[in-house]
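Bear in mind that the values in this text are calculations on the coordinates, not laboratory data. Quick caveat: nothing in here was measured; it's all calculated off a predicted structure. Neighbour counts run over all protein chains shown; Cβ positions are idealised from the backbone, glycine included.
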């Protein structure tokens, strides 16, 4: 009934394109294709194929069964809403990434501070080690100097110093005292024997 409202030559117009034959419900003199749809279409693919084929076209749909659930939307507004949705999503995503970058930058800064602190500690410990090593080396040199200047080598480790003369004098004095002691003891012994002989006589 809808098609009958148009001239006969406009109805059931055959279009051959892409080596395929299609029958348009109505084609006006200006080339506008009008498709009447009374039943559901199996898929959106069929719709896209027809729109790609016909280019300049409109759909007339029998909406009696879903008129109460039908709404007309602007394609521009729908696209703007979609773009706004994706913009907000990416804006949120970028904000999350920026927060993560700030967090990572803070962690990197802290790690750098820890590295600097560790390097300072290592340098300090290395300096202490070098100081101790130098101290021990100096001590070793001092010990070698002391041993080589104050003592003579040998199994008995004979003593050598600037007091050697005094030590020799002391030894002489000691020997003389021992000799004197011996002479005194001998004299006492002689006197004692003399007294014994006198007494016994």
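Worth pointing out:
- Fewest-first ordering of 96, 34 by other beta carbons within 10 Å of each residue's beta carbon gives 96, 34.
- Kirkwood analysis of segment 1-140, using all unique Cα-Cα pairs, places the hydrodynamic radius at 23.1 Å.
- Legend: calculated FRET efficiency, residue 37 to residue 92, from the Cβ-Cβ distance at R0 = 30 Å, rounded to 0.05, equals 0.15.
- Residue 125-residue 105 FRET efficiency (beta carbon distance; Förster radius 30 Å; 0.05 resolution): 0.50
- Alpha-carbon centroid distance for the pair segment 88-130 / segment 67-87, whole angstrom: 47
- Sites residue 138 and residue 116 - FRET efficiency at Förster radius 45 Å, r taken between beta-carbons, to 0.05: 0.85
- Overall form of segment 3-70 per C-alpha gyration tensor (a/c, 1.5; a/b vs b/c): oblate
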